[in-house]
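Q: Dropping a structure here in structure tokens format, bear with me for questions.
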Amino acid sequence: MDRDPILLTPGPLTTTLRTKTAMLRDWGSWDADFIAVTARVRARLLDIVSGQGSHVVVPLQGSGTFSVEAAVATLVPRDGHVLVLDNGAYCKRAAKLSQMMGRRASVMAFAEDQAVSAAALDARLQVDASVTHVILIHCETGTGVENPLAAVAAVCQRHGKGLIVDAMSSFAALPIDAAALRFDALVAASGKCLEGVPGMGFVFIRKEVLDGCAGNSQSLAMDLHDQHTYMERTGQWRFTPPTHVVVALDEAISQFIEEGGQPARLARYSDNCRTLIDGLGALGLRPFLAPDLQAPIIVTVHAPAHPAYSFKRFYDGAKARGFLLYPGKLTEVETFRVGCIGAISRREMALAVSAIADTLREMGIDCHAAP
Ligand SMILES: *Cc1c(COP(=O)(O)O)cnc(C)c1O
């Protein structure tokens, strides 16, 4: 096939030709032209959360996890105590990396098919004063659950606890207003709902907590306080920046603004998600989550209960038709995942449903074809 497949995954995502074309140049990292691109990206990222004045944004090389790890290392003192609200795989990853950073880490476990509970957090913080920071995954990409960010932020504020939000898969799609919501750090990345290419993360940090972060990090490369100080002083990245990723993100942000910003992106992804769930429903395929918990980011779907089903064959069949799906991440039930994000719209989602129907038919799995 001479066309790229459509990526129905949580990233990397399908990008526009404009975004891809932006990468066809070479940039000097110390040059004024590239410094201007970095400054523009940072300013426009802050605009998206209304964080100008109150927050800084610190970009960091690497995939999204690098920035989560850097946020924990930079924000949490070495004798701090992190409490992770856990309803899925990315929550478990945040707990593990906190522990590996040498921080005391506790986990509050919730069911994977439920949102985490702000009321349960409230009760826990009343009896455990040792917690210094709470980690919340806004959209748990392992299942697609949207967790209650505003309610958790309010509980953390009331108890005077720091809040670190992994908003990797929700930022730029779900509303996040730094003026209405108190967090210490919020983490996202280039290759998710902004529809850039992967390769850099960025962390919004509340200015009031930034100065207190000096010297927390035990890592040189992951020290966001140091990265920020250097960038403020020179306009440059501390170490070699992913120049092509940064210019692609700059171009992707321009298109994000042209489309109508976060509300327009949410509307498109919601339409994608509805088209997908309705189409799969007509084939007899059910989503794992109740509709009120489902973020329009990624949908976990129960695999057909049929002896001929195997994810590998299913994946290969969909790929041959031009769509890359994603495996499920649940241990108890057989599922697959379909992303609703990226530079795609209802048309691609409808074609994906047809590709899935054709693939299942080819595998000898009976499904009620859509009329
Ligand atoms: C994508 C994602 C990450 C980062 O994953 P990487 O593979 O490191 O880019 C972290 N948290 C969530 C919720 C994500 O969706």
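What follows is calculated from the coordinates using simple rules that are stated; it is not laboratory data. Not measured: the values here are computed from a predicted model. Positions of Cβ are backbone-derived with ideal geometry, glycine not excepted, and every protein chain shown enters the neighbour counts.
Q: Within segment 38-85, can you find the residues that are more than 15 Å from the ligand (Cβ to nearest atom) and in contact with a Pro (Cβ under 9 Å, 6 or more places away or on another chain)?
A: T38, V41, R42, L45
Q: Shifting gears a bit: Which pairs have Cβ atoms under 7 Å, sit 6 or more apart or on different chains, and link a residue in segment 167-178 that is without any contact (Cβ under 8 Å) to a residue 40 or more places away in the chain to one that is assigned to a loop (DSSP other than H, G, I, E, B) and within 11 Å of the ligand (Cβ to nearest atom)?
A: Listed pairs, sorted by first residue: A167/H138.
Residue by residue, here is whether (1) free of Cβ contacts under 8 Å to residues at least 40 places away in the same chain; (2) over 17 Å from E112 (Cα atoms); (3) more than 20 Å from the chain's Cα centre (by Cα) holds:
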| site | (1), (2), (3) |
| --- | --- |
| Y269 | no, yes, no |
| A290 | no, no, yes |
| A295 | no, no, no |
| F314 | no, yes, yes |
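Q: Still on this structure, I have one more. Could you give every pair whose Cβ atoms fall below 6 Å, whose first residue belongs to segment 82-109 and is closer than 13 Å to V68 by Cβ, and whose second residue is β-branched (V, I, T) and surrounded by fewer than 24 Cβ atoms within 10 Å (Cβ to Cβ), counting only separations of at least 6 or pairs across chains?
A: Here the result reads V84/V107; A95/V107, each pair linking segment 82-109 to a residue that is β-branched (V, I, T) and surrounded by fewer than 24 Cβ atoms within 10 Å (Cβ to Cβ).
Q: If you scan segment 86-104, which residues turn out to be away from the ligand (no atom under 16 Å from the Cβ) and touching a strand residue (DSSP E or B) at 6+ places or on another chain (Cβ under 7 Å)? Lay out the reasoning, then the answer.
A: Our first condition is that a residue be away from the ligand (no atom under 16 Å from the Cβ); within segment 86-104, this holds for 99, 102-104.
Result: Q99, R103, R104.
Q: Which residues, taken from segment 127-146, are more than 16 Å from the ligand (Cβ to nearest atom) and in contact (Cβ under 8 Å) with a residue 12 or more places away in the chain? Give the derivation first.
A: Residues of segment 127-146 that are more than 16 Å from the ligand (Cβ to nearest atom), as a first pass: 127-133.
Hits for segment 127-146 are D128, S130, V131, T132, H133.
Q: Provide a single number: the residues in segment 153-173 that are more than 10 Å from the ligand (Cβ to nearest atom), part of a loop (DSSP other than H, G, I, E, B) and not basic (K, R).
A: Residues in segment 153-173 being more than 10 Å from the ligand (Cβ to nearest atom), part of a loop (DSSP other than H, G, I, E, B) and not basic (K, R): 3 in total.
Q: Now a separate question. Got a sec? Which of R158, R104 is closer than 23 Å to P175 by Cα and surrounded by fewer than 24 Cβ atoms within 10 Å (Cβ to Cβ)? Full working, then the answer.
A: Details: R104 fails: closer than 23 Å to P175 by Cα.
Result: R158 is the single residue among R158, R104 that is closer than 23 Å to P175 by Cα and surrounded by fewer than 24 Cβ atoms within 10 Å (Cβ to Cβ).
Table: residues versus (1) within 16 Å of the ligand (Cβ to nearest atom); (2) more than 26 Å from Q99 (Cα to Cα).
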| site | (1), (2) |
| --- | --- |
| D177 | no, yes |
| A188 | yes, no |
| R206 | no, no |
| D211 | no, no |
| G215 | no, no |
| E259 | no, yes |
| Q262 | no, yes |
